[in-house]
Amino acid sequence: MYPPHPAHQHNFRFYLVLITLVVIGILFVLNLNNDSNDGLGISGAMTGFATGNNDQTEQVVETSLEEDYYVEEVEKYGREVDVKLSFDEIPKVEKEETKITGMELRFNDLSTKINVNNDRLELNNLEEVNLRVKSFVGEVNINDFGISLDGTAKMLDVNGISLSSKGEIKLSFTNLDYQYLNIEEIELKGLELPAGNGELKVGEKLSYSLEQDKVKFNYFNGMLIIDGNNQTAVTLEGAGRGIDLSGALMNINLR
């Protein structure tokens, strides 16, 4: 006869199987809850991983495009530096399409026809006119004869009186003779100034006295002031790229 198996061995095996099944069931339920609520199950983890990779790829592409654009700008115009130029010769500006955030003109030339919304602006009995223009978009020409504008603006102010319209205001005039011009910000490419005297400051370290030197900017973006009452009539202050100075003594190229 065979000896009987102890009862406690059967009980031990039974409880071991039961505990294993319970643990597996709990893990299965937890996994289902994570998938439905937090998306942290297997499929959710795969989706999150893929999404993270897409975000990183987009960031890499954007960074690469920005770097390529910066390299192209440097190769074309030179590195950007802070500049301030005081000069006694007026630059020639011809810009077919530009945006000017704000501009101030002071003049006593009442003979030049100024058109506002296809009507002539009446400036009778005024000794001096202070014209302020906001948000101008259009053509700008500046030369020895004066300034010409042809475009639209959002607001005009004449000697403290605002001219408003439901939409944009059409503004145009040709070769307006002025005493003072202040353009808050203008972007210019290939800006050239004739031989003259003044001072050029580049960054915080370089300051150069100009004596019958020509000045050229491959690119300039900033403030332009022309004051006929000052000896140094022109002030440029902003960001410049590719600056060339040429005169009788030496030539300087800043890239």
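Of the strands (runs of 3 or more DSSP E) lying entirely inside region 123-215, the ones with 1 or more residues being at positive phi and either acidic (Asp, Glu) or in contact with a Leu (Cβ under 8 Å, 6 or more places away or on another chain) (or both) are found at 129-143, 146-153, 180-202. When region 182-196 is filtered for residues that are hydrophobic (A, V, I, L, M, F, W, C) and more than 16 Å from GLU139 (Cα to Cα), the ones remaining, listed by number, are LEU193, ALA195.
For ASN141, the criteria (1) without any contact (Cβ under 8 Å) to a residue 60 or more places away in the chain; (2) over 24 Å from GLU89 (Cβ atoms) hold in every case but one, which is (2). Taking every residue in region 223-235 that is outside any strand (DSSP E or B) and pairing it with any residue that is among the acidic types (Asp, Glu), at least 6 positions away or on another chain, the pairs with Cβ-Cβ distances below 6 Å are THR232/ASP88; ALA233/ASP88; ALA233/ASP227. Annotation note: of LYS113, LYS134, LYS92, the sole residue that is within 26 Å of GLY198 (Cα to Cα) and assigned by TED's automatic domain parsing to the domain that holds ILE161 is LYS92. All conditions in (1) within 24 Å of the chain's Cα centre (by Cα); (2) modelled with pLDDT of 95 or more hold for ASN175, with the sole exception of (1).
Of the residues in region 205-252, how many are within 18 Å of the chain's Cα centre (by Cα), crowded, with 17+ Cβ neighbours inside 10 Å and among the acidic types (Asp, Glu)? Total satisfying the criteria: 0. The residue of region 105-122 that is nearest to SER164 (Cα to Cα), among those that are in a loop (DSSP other than H, G, I, E, B) and not hydrophobic (A, V, I, L, M, F, W, C), is ASN117. I'd like the full set of residues that are surrounded by fewer than 15 Cβ atoms within 10 Å (Cβ to Cβ), of a type in the set (Lys, Arg) and under 30 Å from GLU211 (Cβ atoms), limited to region 77-132. Those that are surrounded by fewer than 15 Cβ atoms within 10 Å (Cβ to Cβ), of a type in the set (Lys, Arg) and under 30 Å from GLU211 (Cβ atoms): ARG79, LYS92.
The values are calculated or read from the model by the stated rules, or taken from the named source; none is laboratory data. Everything numeric in this text was worked out from a predicted model, so none of it was measured. Using ideal geometry, Cβ is built from the backbone for each residue, glycine included, and neighbour counts are taken over all protein chains shown.
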